[in-house]
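Taking it in order: structure first as structure tokens, then the write-up.
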Amino acid sequence: MPAPTSISSGKSRTSAAAEDYLERIRELIRRKGYARVIDIASELQISQASVTTMIQRLDAEGLVKHEKYRGMVLTSAGEAVASRIAHRHELLTTFLRQLGLPEAVISHDVEGLEHHVSGETFRAIERLSRYLQDNPDVASRLRG
Ligand code: ZN
């Protein structure tokens, strides 16, 4: 058995919940130009009080900032986490579609996978997805 290599998705990284917030905030800012507590609460279907608590945590970690006239913004560190998750979300969705899975299963599973798959596994999936893209015959045989 090969020696275990370091796994890059450990506890030292941002938590899945924090990543979800950053992903939603980024999406809201792109879509509407701003992200208010009330919008985040309705997107994630949780109370405004919980959103406020998490925002304070993200603020303390230097991931978001409240600006007087622009409202909530992502710092460059927050933007880096959010765009990493958005990239994972997109690629994992594409990959599961290549396997012919139903959309409901895809959106459910991607929300978990995007946070929990290690960098190593993610890069392997990325390579496999590219291979399937380049070999549509193999992809269609997989879908049965
Ligand atoms: Zn996602």
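The values are calculated or read from the model by the stated rules, or taken from the named source; none is laboratory data. All values derive from a computational prediction rather than experimental measurement. Methodologically, a virtual Cβ is constructed for each residue, glycine included, from the backbone with ideal geometry; neighbour enumeration extends over all protein chains shown. Note: areas computed on protein heavy atoms with side chains; ligands, DNA, RNA excluded. Shrake-Rupley method; radii C 1.70, N 1.55, O 1.52, S 1.80 Å.
Would the range 71-79 turn up any residue that is of a type outside the set (A, V, I, L, M) and modelled with pLDDT under 95? Checking the range 71-79: at least one residue is of a type outside the set (A, V, I, L, M) and modelled with pLDDT under 95.
When restricted to residues that are open to solvent by 70 Å² or more (accessible area, probe 1.4 Å), among the hydrophobic types (A, V, I, L, M, F, W, C) and in contact with an Asp or Glu (Cβ under 8 Å, 6 or more places away or on another chain), the range 37-87 contains 0. Residue pairs whose Cβ atoms lie under 8 Å apart, sitting 6 or more positions apart in sequence or on different chains, and linking a residue in the range 19-36 that is outside the structural domain of L113 (by TED's automatic domain parsing) to a partner that is within 10 Å of the ligand (Cβ to nearest atom) and open to solvent by 40 Å² or more (accessible area, probe 1.4 Å), are D20/E111; E23/H89. Set side by side, the residues R84, R57 differ, and just one is within 16 Å of the ligand (Cβ to nearest atom) and closer than 27 Å to V117 by Cα, which is R84. Taking the conditions (1) more than 14 Å from the ligand (Cβ to nearest atom); (2) in contact (Cβ under 8 Å) with a residue 40 or more places away in the chain in turn, D134 satisfies each one other than (2).
The residue that is farthest from M72 (Cα to Cα), among those in the range 18-36 that are in a helix (DSSP H, G or I) and open to solvent by 20 Å² or more (accessible area, probe 1.4 Å), is D20. Suppose the filter is in contact (Cβ under 8 Å) with a residue 24 or more places away in the chain and more than 30 Å from R36 (Cα to Cα); does E114 pass it? Taking the combined requirement at face value, the residue does not satisfy it.
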